[in-house]
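This report refers to the structure that appears directly beneath it.
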Amino acid sequence: MIPVFRDKVAQRAGRPQQGPDGCSRRKIHLLHQCYAKLLDGWNSLTERVKILQWADGVWRRSYIFLAALLGDQPEADAFCCDGSQTCKICKCPKRSLCDTTRRYPLRNASQEQQAVYQVADGNGSIASKLFERDRRADVVWKKQRACTIYRYELSRKTVGGKHLLQNAFWGKRHFDNQLQVCMDMYLYVLQRYWSVFVCIDA
Amino acid sequence: MDTDSRVEPPRHSRKRERAPPAFTREESEAFSSYTESRVGEKHADRMLEWASNPKYRSKNLRYGSIHTLAEHAIDEFIPDGVMKEDFTEALDGSQRLIFFWRCLYDAIKELLRNARFAGKQYTHAEIKYNSTGARAYSAFNTGEVYEVGQMHAGEGVSPVPIFLSSDATLVSKKLGGHPIMRESPIPFVWELACIGMYVQVLVCIHGIGRFFLSTKMYVLAGISTYLDVYARIAILVVGIALYWYVICTYLLVSVCIDDNRSFFPVQCRWDAPMTRHVPNLAAGWWWA
């Protein structure tokens, strides 16, 4: 987590505990701002194969990709802008997490983004674009009557407790859920079977 | 002329009235070594013990514990009341943060070519099976994430997986990772073609019954993806069949029946311009 943000100091400065200006919300926002800066230009960086020197001195054609995030539950929540105790892979509700017999649709980054934007924009109502400052750094925050802690938490509930902010990983290459992995696995299995066929045919 | 006037000497030549230094040179060096390094208090105490060796200037080192030395240094150099001072300011929306960062690509290159990792790097994926033919995961490069990375990298290219972590203490073998995978740039048509071929190949190998009864796709993709994939295949297959059915029927009717007005809105011969056939084809689609 980000060491620059301390709850006690922030609360002494007037920041509330919950809501759109709350401490946890701000902490997650800071984390994603950091990662947005870190991953700036990631798509162009990983677009092609690079020729890099490895530790043994050999220059190899190398393909850089994001493999995983190491962390426990609070860190995973922060990375996914998600509420606590939720499945980060599929859309299994909290009450069914203990039920291993059922399967649920996998989560998709673009769908998550779309849902969050829709809710954050107030679904086109008067409260539209209340949380626009969360998505754009150049928008100055103006408090409005419609944007209260209650409304914010109510909006969050509709998207499963997700914080209504711009996730730094949305739109970055190599970031998506297991669905794409499965597609890749299909292709890979296909390639393997195809190579078997070619061998048999030959 | 007033001869009693006194001109003060230049400021730099004046002797400054200084208090005697609170710490000796040896103490300062020991304390700065402690603060600039990452050693703990235990190691710092050992450093002090070593520096107190009577062969050196042991009398210049008056502290046996780094903790006491640090406390005295804080008392000496940090102004009174600074710890209780409130440096916060009211939030008015104009606060800006400055992030100090390092280029990720440079960091990757630096780590990759670090000589300490020589002989300890995986350069390609390895698929391993045990004696029963089941997939064996004995190392990181035998895992599926690495395998997928190798697949995208291609033959003869080494995957460089990047792991993100928010806490250094969490990087251990016993903790799970949240895979962050790519967005598929594969075109939809190609995706369908691949899935179709995949299904055909599996059916040819295992037979239709065994393929549809197998849980392979359930396990891999989950039920929704399973249904989604089959819905797409069904739409594709039915759509193509329907398309050729409509075309063939239309040509048959146009050629064999001289007056096709009763079937189609526009009467035209089969070798008429394509624009003449459009209303008839649309009617055929609707009818189908």
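The values are calculated or read from the model by the stated rules, or taken from the named source; none is laboratory data. Owing to the predicted nature of the structure, the values given are computational and were not obtained by experimental measurement. Here the Cβ is made from the backbone with ideal geometry for all residues, glycine too, and neighbour counts use every protein chain on show.
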* Asked: Is it true that B:Val145 is surrounded by 11 or more Cβ atoms within 10 Å (Cβ to Cβ), facing chain A (nearest Cβ under 7 Å) and closer than 29 Å to A:Pro74 by Cβ?
  -> yes
* Asked: Hey, does the range A:85-92 have a residue that's at pLDDT 80 or above, touching a Cys at 6+ places or on another chain (Cβ under 7 Å), surrounded by fewer than 18 Cβ atoms within 10 Å (Cβ to Cβ) and closer than 22 Å to B:Phe140 by Cβ?
  -> yes
* Determine, yes or no, whether A:Val139 is among the β-branched types (Val, Ile, Thr) and either modelled with pLDDT of 55 or more or closer than 30 Å to A:Asp72 by Cβ (or both). => no
* Report the residue count in the range B:75-85 for those that are surrounded by fewer than 10 Cβ atoms within 10 Å (Cβ to Cβ) and part of a helix (DSSP H, G or I). => 1
* Structure fact -> Selection from the range A:13-32 of residues more than 7 Å from chain B (Cβ to nearest Cβ) and in contact with a Leu (Cβ under 8 Å, 6 or more places away or on another chain) yields A:Pro20, A:Asp21, A:Arg25, A:Ile28, A:His29, A:Leu30, A:His32
* Any idea which of (1) buried (at least 17 other Cβ atoms within 10 Å of the Cβ); (2) small (Gly, Ala, Ser); (3) assigned to a loop (DSSP other than H, G, I, E, B); (4) modelled with pLDDT of 80 or more is the one A:Ala127 doesn't satisfy? -> (4)
* Structure fact -> Residue pairs within 7 Å by beta carbon, gap of at least six or interchain, first lying in the range B:57-71 and over 17 Å from B:Arg25 (Cβ atoms), second at pLDDT below 90 and among the charged types (D, E, K, R), listed first then second, are B:His67/B:Glu41
* **Residues (assigned to a helix (DSSP H, G or I) and surrounded by 12 or more Cβ atoms within 10 Å (Cβ to Cβ)) located in the range B:13-34** => B:Glu26, B:Glu27, B:Ser28, B:Glu29, B:Ala30, B:Phe31, B:Ser33, B:Tyr34
* Asked: Which members of the range A:1-17 meet the condition of being in contact with an Asp or Glu (Cβ under 7 Å, 6 or more places away or on another chain) and at pLDDT 75 or above?
  -> A:Arg15
* Asked: Only one of these conditions is not met by A:Arg60: (1) surrounded by fewer than 16 Cβ atoms within 10 Å (Cβ to Cβ); (2) within 10 Å of chain B (Cβ to nearest Cβ). Which number is it?
  -> (1)
* Structure fact -> The condition of being in contact (Cβ under 8 Å) with a residue 24 or more places away in the chain and out of contact with any Gly (no Cβ under 7 Å at 6 or more places or on another chain) holds, among A:Trp42, A:Trp54, A:Trp59, only for A:Trp42
* Any idea which residue in the range A:68-87 is nearest to the chain's Cα centre (by Cα), counting only those that are within 9 Å of another protein chain (Cβ to nearest Cβ) and in contact (Cβ under 8 Å) with a residue 12 or more places away in the chain? -> A:Cys80
* Structure fact -> Within the range B:48-107, the residues that are modelled with pLDDT of 70 or more and β-branched (Val, Ile, Thr) are B:Ile66, B:Thr68, B:Ile74, B:Ile78, B:Val82
* Are any of the residues in the range B:106-120 in a strand (DSSP E or B) and either more than 16 Å from the chain's Cα centre (by Cα) or more than 7 Å from every other protein chain (Cβ to nearest Cβ) (or both)? -> no
* Please tell me if A:Ala36 is more than 8 Å from every other protein chain (Cβ to nearest Cβ), part of a helix (DSSP H, G or I) and buried (at least 17 other Cβ atoms within 10 Å of the Cβ). => yes
* Give A:Pro105, A:Pro74 a once-over and let me know the one that is at pLDDT below 80 and in contact with a Ser or Thr (Cβ under 7 Å, 6 or more places away or on another chain). => A:Pro105
